[in-house]
Amino acid sequence: MVHWQAPPELTDMPVPEPGPGEVLIKVAGAGVCHSDLHVMEWPEGTLPYALPFTLGHETAGWVHSFGPGARGAGLNEGDAVLVYGPWGCGLCPPCSRGAENYCRHAAEIGAAGGGLGRDGGMSEYMLVPSPRLLVPLGDLDPHTAAPLTDAALTPYHAIKRSLHRLVPGTTAVVIGAGGLGQAAVQLLKALSPAEVVAVDLDTAKLDLAAESGADHCVLAGDDAADRVRRLSGGLGAALVLDCVGADVTMATAAAAASVESDITVVGLAGGTLPVRFGAVPWEASVSMPYWGTRPELAEVIALAAAGKLHLPVKTYPLKEAGQVYGMLQEGKVPGRAVLLP
Ligand code: NAD
Ligand code: ZN
């Protein structure tokens, strides 16, 4: 990212030297997230980031070298790792329990992490400020694993907090069957006995959601909430996960949710959901979770290693980043695109 509200540019960069405490990663692949499109379209001042920085907040690769003092137990050169994305202070109470997504010093720190204000993974090498931000990938292929660190971790965190509601006989709805949404469908099937309904504007995305395990697919539109209600025996859904976050999807979410449900919005399209009598069901909770924790990332990796999570990933050369972002903007990326340097 060189300018706000402009497409990113491809430039040559020197290979960074890891300083004290830092680890240099040789990048295998970096995921292309819809959040990058928001970063590119929002006006200057929306985000507290200094330009320029390299995009790529979903990164997998291998440990290349350690800066002074960074070598720790259990991590060696050549190890396959995922980069945990939200970089907090590492020391405050949320960071201490691995929830750097909710670091208390986020406002002072400014940049959210690599690819979000600091140099990220759309590059041959990436500097990571501490080995604590690396989670071993084991035998998973680093070329395609990058989306686990956001496209899967974000819905994992969002769904895990609602699992107590997803008892047998309940329904869960995923609105927006893109990168996050496909992961959400697979995670719901792996973690809960709920019937899973996918909602999207695009039938190709719905076909992919059916392959991901969705029990029912519903085309987005005015009647989508009614269809969910019918599919759930009139009750509505115990969890609606909105992976778009526009006015229209939040309205569908509220209309599809049951009494005592969770309406969980992870999409950042900037929509508004009125919370007032008649607009949301009795005792529905509305929340907007952000990303996930380091322990949860290890859990996501364990699920993938157990064969219970295989995100639909397509790889492209890094030099095609511009075209790939264009495809994502037009809704033409099925699942998740990963750029290979
Ligand atoms: P994506 O482009 O891969 O997927 C979006 C999907 O939504 C597409 O399949 C598209 O067809 C569908 N869609 C668009 N408008 C729709 C509508 N009106 N009704 C139904 N479906 C619709 O995007 P992604 O990378 O999965 O990201 C999804 C959203 O989540 C983005 O806003 C992104 O910024 C946000 N995000 C939030 C967090 C967080 O921590 N809260 C983390 C990552 C991404
Ligand atoms: Zn912190």
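Pick out, from the stretch 258-341, the strands (runs of 3 or more DSSP E) lying fully within it that include 1 or more residues that are more than 13 Å from ligand 1 (Cβ to nearest atom) and closer than 19 Å to GLY56 by Cα. Before the answer, list the steps.
Values: elements: 285-287, 313-317, 336-340.
Per the criteria, 313-317, 336-340.
Looking across ALA73, ALA30, ALA106, ALA80, one residue alone is surrounded by fewer than 12 Cβ atoms within 10 Å (Cβ to Cβ) and assigned by TED's automatic domain parsing to the domain that holds GLU299. It is ALA73. Only residues that are more than 9 Å from ligand 1 (Cβ to nearest atom), in a helix (DSSP H, G or I) and within 19 Å of the chain's Cα centre (by Cα) were counted across the stretch 210-255, and they come to 2. Cβ separations smaller than 7 Å between residues 6+ apart or across chains give no pair from the stretch 147-159 residues that are within 19 Å of SER192 (Cα to Cα) and in the same structural domain as GLY61 (by TED's automatic domain parsing) to residues that are modelled with pLDDT under 95 and within 16 Å of ligand 2 (Cβ to nearest atom).
Looking only at residues in the stretch 33-65 that are small (Gly, Ala, Ser) and crowded, with 18+ Cβ neighbours inside 10 Å, the one that is nearest to ARG118 (Cα to Cα) is GLY56. Within the set ALA302, ALA256, ALA321, the sole residue that is out of contact with any Gly (no Cβ under 8 Å at 6 or more places or on another chain), in contact (Cβ under 8 Å) with a residue 12 or more places away in the chain and of a type in the set (A, V, I, L, M, F, W, C) turns out to be ALA321. For the stretch 283-296, the count of residues that are surrounded by 14 or more Cβ atoms within 10 Å (Cβ to Cβ), within 16 Å of ligand 2 (Cβ to nearest atom) and hydroxyl-bearing (Ser, Thr, Tyr) is at least one. Out of (1) modelled with pLDDT of 95 or more; (2) not β-branched (Val, Ile, Thr); (3) not assigned by TED's automatic domain parsing to the domain that holds LEU137, the odd one out for PRO274 is which? Only one criterion in (1) modelled with pLDDT of 95 or more; (2) not β-branched (Val, Ile, Thr); (3) not assigned by TED's automatic domain parsing to the domain that holds LEU137 is unmet by PRO274, namely (1).
The test for being within 16 Å of ligand 1 (Cβ to nearest atom), touching a residue at least 40 places away in the same chain (Cβ under 8 Å) and outside any helix (DSSP H, G or I) holds for ALA111. Can you tell me which residue is surrounded by the most Cβ atoms within 10 Å (Cβ to Cβ) among those in the stretch 167-209 that are touching a residue at least 24 places away in the same chain (Cβ under 8 Å), of a type in the set (S, T, N, Q) and assigned to a helix (DSSP H, G or I)? So, considering only residues that are touching a residue at least 24 places away in the same chain (Cβ under 8 Å), of a type in the set (S, T, N, Q) and assigned to a helix (DSSP H, G or I), the one surrounded by the most Cβ atoms within 10 Å (Cβ to Cβ) is GLN182.
The values are calculated or read from the model by the stated rules, or taken from the named source; none is laboratory data. These numbers were taken from a predicted model, which means no experiment stands behind them. Note that we place each Cβ from the backbone using ideal geometry, even for glycine, and neighbour counts take in every protein chain shown.
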